[in-house]
Amino acid sequence: MLMAPQKAAEAAGNAADAVQQAAQAAPAAAEAGKEALGPLAGAPWDTLTPWSTLPQASTFAGNTDTLYLFIVALAVFFFLLVMGVQGYFMWKYRRLSEDQKTSSITHNGKVEFLWSAIPAVLLVVIFVWGEVDFLKQTIPPTDAVQVRVTGRQWFWTVDYPDYPGVQLTSSVEESSVTLVVPKGEPVQLTMTSEDVLHDFYIPAFRIKRDVIPGRYTTLWFEATQVGEFNLYCAEYCGDQHSSMIGVVKVLEPANFAAYLAEAGKLEQEPNEPLPVFGERIYKKRGCNACHSTDGSPKVGPSWKALWGKNESTDKGSVTVDDNYITESIWEPNAQIVSGFEGVKMPSYKGQLDEKQIAALIEYMKTLK
Ligand code: CUA
């Protein structure tokens, strides 16, 4: 970029001003950021600046970070050592005159033994250290709070066997509280997938494991800080993979049960119109992952102007009415709308009751 000197100086001045303003704004932004970090305000960042490290919010986090730093320090030390020695030898043994001959040393047994043995010992140290931590993370304590996690394209469903009726989900449209756990108590997740490979990842806890269709995998952790932390799907699982995010909320054990009961219920509020309740279900039970309400194409048919429409399906034409919608929720693959044959929607049998289905239908009717 060519600039007249005066212009360049002006531009530099402006840039300096901008930097100064940014610096002044930073503490305010950090404060605002901390506030906004509550519901995460749709911003999936784990830290406020790219330079700060992730919070260490579980009992595993400290050990994992220490091992990581140990490996980084080792790598830096040996990089500097090898490069330093190389540079020194290049200088020391440089060619001094035209007729200088290279000496005929072929090898040095002692040195070669050391440069094999020392790294071998260090690698074993790293392996044993990692293995001990890995075993700790693999074997959950028997008194852990039990949580069942199901991955679906593209949301998480979280159930608590000891709290019947409570179900939390993630949502592709907002980062909502998806997992509630007590501080200072072990929590065990038993995870599976209804469709493809997903991967359950909570960076602040330093835990991550694949979620596999047709198999159960487990994870456990003990949270050490009250607060909210992001969870992600860390395995590319299709179109909306990057929206498969949620929030882990860590509470004081005394508040856990009450909060969970409140957050996990999906009931019509007093005076709440049925279509409004239906919209809440649409957002909280993952319908929005595959069905738009504005006519735009997604993985499944849009709900816009769907009610009363004549759809052609793989079993013939059908009018979209209460029966067809209920059937499509319970047995999604009974009559598949033309053009969506390859899509495998999971059944919601047992997950939505009659009232919730009625609310969804009333909501659909409003989408003209
Ligand atoms: Cu689920 Cu990526």
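The values are calculated or read from the model by the stated rules, or taken from the named source; none is laboratory data. Nothing here was measured: the structure is a model prediction, and the numbers come from that model. All Cβ positions, even for glycine, are placed from backbone atoms using ideal geometry, and neighbour counts span all protein chains on display.
General remarks:
- Any hit, the range 193-213, residues being part of a loop (DSSP other than H, G, I, E, B) and surrounded by 20 or more Cβ atoms within 10 Å (Cβ to Cβ): yes
- Residue match in the range 101-113 (condition: touching a helix residue (DSSP H, G or I) at 6+ places or on another chain (Cβ under 8 Å) and part of a loop (DSSP other than H, G, I, E, B)): no
- Taken over the range 213-228, the criterion of being within 16 Å of the ligand (Cβ to nearest atom) and closer than 15 Å to V147 by Cβ is satisfied by T217, L219.
- Residue within the range 283-305 that is surrounded by fewer than 17 Cβ atoms within 10 Å (Cβ to Cβ), part of a helix (DSSP H, G or I) and of a type in the set (G, A, S) present: no
- Test: residue in the range 203-212 that is out of contact with any Asp or Glu (no Cβ under 9 Å at 6 or more places or on another chain), under 24 Å from F60 (Cβ atoms), more than 14 Å from the ligand (Cβ to nearest atom) and not hydrophobic (A, V, I, L, M, F, W, C): no
- Residue match in the range 89-111 (condition: over 24 Å from I212 (Cα atoms), of a type in the set (D, E) and loosely packed, with under 10 Cβ neighbours inside 10 Å): yes
- Flag if V145 is modelled with pLDDT of 90 or more and either surrounded by fewer than 16 Cβ atoms within 10 Å (Cβ to Cβ) or within 16 Å of the ligand (Cβ to nearest atom) (or both): no
Results for (1) touching a strand residue (DSSP E or B) at 6+ places or on another chain (Cβ under 9 Å); (2) part of a strand (DSSP E or B), shown as yes or no for each residue.
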| position | (1), (2) |
| --- | --- |
| A117 | no, no |
| V121 | no, no |
| W129 | no, no |
| V132 | no, no |
| L135 | no, no |
| W156 | yes, yes |
| D162 | yes, no |
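- All conditions in (1) away from the ligand (no atom under 16 Å from the Cβ); (2) modelled with pLDDT of 90 or more hold for K101, with the sole exception of (2).
- Which numbered condition L231 misses (of (1) away from the ligand (no atom under 15 Å from the Cβ); (2) of a type in the set (A, V, I, L, M, F, W, C); (3) in contact (Cβ under 8 Å) with a residue 24 or more places away in the chain): (1)
- The lone exception for S242 - which of (1) part of a helix (DSSP H, G or I); (2) more than 16 Å from the ligand (Cβ to nearest atom) it fails: (2)
- Number of the condition not met by L274 [criteria: (1) under 28 Å from the mean Cα position of the chain (by Cα); (2) more than 18 Å from R152 (Cα to Cα); (3) aliphatic (A, V, I, L, M)]: (1)
- Top-ranked residue in the range 149-192 [being of a type outside the set (D, E, K, R) and surrounded by fewer than 17 Cβ atoms within 10 Å (Cβ to Cβ); ranked as farthest from Q137 (Cα to Cα)]: G165
- A120 meets the conditions (1) surrounded by fewer than 20 Cβ atoms within 10 Å (Cβ to Cβ); (2) in contact (Cβ under 8 Å) with a residue 24 or more places away in the chain; (3) among the small types (G, A, S) in every case but one. The failed one is (2).
- Residues being outside any loop (DSSP other than H, G, I, E, B) and not aliphatic (A, V, I, L, M) - total across the range 314-368: 18
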